[in-house]
Amino acid sequence: MEVSQVAQATSQWYPVATKPRSEQLAAVHLRRQGFTVLAPTVTLRKRRRDGWQQVTEALFPGYLFVALILGSDDISPIRSTVGCRGLVRFGADHVPVPQPVMTPLLALGEQPLNAAKEFSTGDKVLIEQGPFAGVHGIFTAKKGSDRVQLLIELLGAQQSVVVDSRWVAVSGQ
């Protein structure tokens, strides 16, 4: 069942705790049982042993969301579903996720959120690879599809350098 086809307006979204890295497996098995499930994902760049790679992973590791009408829907199969631990509780109560929180997630649907950062002029960045690895700089311009121009402090003055855009990340500094 598609996320956009939530059966009734009276249903609410509840968080389900999943086993580690089992969000997609749990979503598949819950859907097979007839539940309406949302398991948002994010696509981002991560450093791996062989360099930077694009990966898609759970936006909320260890959790997914199920649309339910408590008292009407049978929730007992959720805790024994492959990949699931059970509905999240606060004390003895199942607490729904507020609709304002769910609205942007529902708009995202099953499409992965793209976390690739587009830099803006003046952004503080960190060069993570290459000959200037570890140097902080300021983003000034995009040069083609795979290079960026930065201002870095070098030899007591600001210098303009062009580096591979995959080597650059937003700096927390």
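The number of residues in region 59-103 being touching a helix residue (DSSP H, G or I) at 6+ places or on another chain (Cβ under 9 Å) and at positive phi comes to 3. Within region 149-158, the set of residues being part of a strand (DSSP E or B) and at pLDDT below 90 comprises Glu153, Leu154, Ala157, Gln158. For Glu23, the requirement of being modelled with pLDDT of 95 or more, among the acidic types (Asp, Glu) and in the same structural domain as Gln99 (by TED's automatic domain parsing) is met.
This table checks each residue for (1) more than 24 Å from Gln54 (Cβ to Cβ); (2) modelled with pLDDT under 90; (3) not β-branched (Val, Ile, Thr).
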site: Gly122; (1), (2), (3): yes, yes, yes
site: Gln129; (1), (2), (3): no, yes, yes
site: Ala133; (1), (2), (3): no, yes, yes
site: Gly137; (1), (2), (3): no, no, yes
site: Arg147; (1), (2), (3): no, yes, yes
site: Arg166; (1), (2), (3): no, yes, yes
site: Val170; (1), (2), (3): no, yes, no
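Number of residues in region 83-97 that are exposed (fewer than 13 other Cβ atoms within 10 Å of the Cβ) and either part of a strand (DSSP E or B) or in contact with a His (Cβ under 7 Å, 6 or more places away or on another chain) (or both): the value is 3. Among the criteria (1) of a type outside the set (Asp, Glu); (2) assigned by TED's automatic domain parsing to the domain that holds Arg31; (3) modelled with pLDDT under 90, the one Leu106 does not fulfil is (3).
Determine, yes or no, whether Leu126 is out of contact with any Lys or Arg (no Cβ under 9 Å at 6 or more places or on another chain) and assigned to a strand (DSSP E or B). The answer is yes for Leu126.
The values are calculated or read from the model by the stated rules, or taken from the named source; none is laboratory data. Quantities reported herein were computed from a predicted structural model and do not represent experimental measurements. Ideal geometry is used to build each Cβ from the backbone, glycine not excepted, and the neighbour counts take in all protein chains shown.
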